[in-house]
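Have a look at the structure below before the remarks.
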Amino acid sequence: MARVSQAHLDARRRQILDGAAICFARNGFHATSMQDVLKEVDLSAGAVYRYFSGKEELIGAIVAETLESVRGQFERAAEENPPPPPDILIPRVLGEVLRMKPELSADGDWLFPRLLIQAWTETLRNEHLAEVMRDGYRQVRALWVRIVESYQEAGMVRADVPAESVARIMIAAAQGFAAQQALFGAVPLETLGEGLRGLMSMGAPATAVAGTTGTAGGDSR
């Protein structure tokens, strides 16, 4: 019998993961059967079960792989001095995930946010998946703390605000944007960048400036 190469095994595993991700994103985790996955990837049950024991192992592998990709993107950003500001960095990372998973789209819509929402929901009953998510979150949060500390050293972020607090909010911005995509429809990544840029530009209230100007004007009369 001819020996199967590692490249072939890796390609087959990739085929199964991508097909399962499409099924889960399109129809939901619980509504998708293993038969649906087999049909999507056009493989026999034996071929699929050689790699994965069932749906729970499949979605765990998909989530772990995605978190690793996101972690890698932020790790590269943390090495920059200083890192790109949040209005550039966060849309860039989400865009990289989109380009990494082009197959997770249908009729121009990015299905990954829908898959993400389902994974979050599944963590409420699946302790293994919950631990995968917690571990991934801890790693990404630690990288964001490094990024924020670099911002502070460069004078881009106030030094009196804990880096941990800022890191959590930056992650929440990305998660919230993904949730909006899943629940309310596609929104361009440029919108996320523009919103973050607007928040970052906040200064003193205009009323305070106007009040100062008015006083000065009264003194001149």
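In units of 2.2 N^0.38 Å, what is the alpha-carbon radius of gyration of the range 94-203? It is 1.21. Starting from the Kirkwood radius over alpha-carbon pairs of the range 140-183, derive D by Stokes-Einstein at 37 °C in a medium of 0.692 mPa s and give it in µm² s⁻¹. Translational D for this selection: 300 µm²/s. Considering only Pro86, Pro162, Pro113, the mean-square fluctuation computed in a Gaussian network model of the chain, springs between alpha carbons under 10 angstrom, is largest for Pro162. Shown is the FRET efficiency for Glu194 and Ala142, computed with R0 = 30 Å from the Cβ-Cβ distance and rounded to the nearest 0.05: 0.60. If the chain linking Val4 and Asp135 were pulled fully straight, counting 0.36 nm for each residue of separation and taking away their Cα-Cα distance, it would gain 43.8 nm. Projecting the alpha carbon convex hull of the chain along each direction and taking the average yields 17.2 nm². The helix-only estimate of mean residue ellipticity at 222 nm for the chain, built from DSSP H runs of length n ≥ 4 each weighted as -39500 (n - 2.57), is -24500 deg cm²/dmol after division by the residue total. Using only Cα atoms, find the angle between the long axis of helix 6-27 and the longest principal axis of the chain, and express it within 0 to 90 degrees, rounded to the nearest 10. So the helix axis and the longest Cα principal axis differ by about 70 degrees. Across the alpha-carbon set of the range 107-155, the Rg to Rh ratio works out to 1.19, Rh being the Kirkwood radius. Checking the a/c ratio against 1.5 first, then a/b against b/c, what shape does the Cα gyration tensor give for the range 44-163? The shape class here is prolate.
Debye-formula intensities of the range 1-68, expressed as log10 I(q)/I(0) at q = 0.12, 0.27 Å⁻¹, are -0.30, -1.31 (one equal scatterer per alpha-carbon, no solvent).
The Cα atoms of the range 10-114 cover 50, 28, 22 Å along the three principal axes, with the biggest extent listed first.
Would you mind calculating the gained length between Glu80 and Val187 on full extension (0.36 nm times residue separation, minus the Cα-Cα distance), in nm to one decimal?
Stretched out fully, the Glu80 to Val187 stretch lengthens by 35.7 nm.
Let's test the formula: R0 of 30 Å, r as the Cβ-Cβ distance of Ala64 and Asp160. What FRET efficiency results, to the nearest 0.05?
In this case the efficiency is close to 0.25.
Once C-alpha pairs closer than 8 Å and six or more residues apart are averaged by separation and normalised to the residue number of the chain, the relative contact order reads 23 percent.
Each value in this text was obtained by applying a stated rule to the coordinates, not by laboratory testing. Here the structure is a predicted model, which means the values were calculated and not measured. Cβ atoms come from the backbone with ideal geometry, glycine included; neighbour counts cover every protein chain shown.
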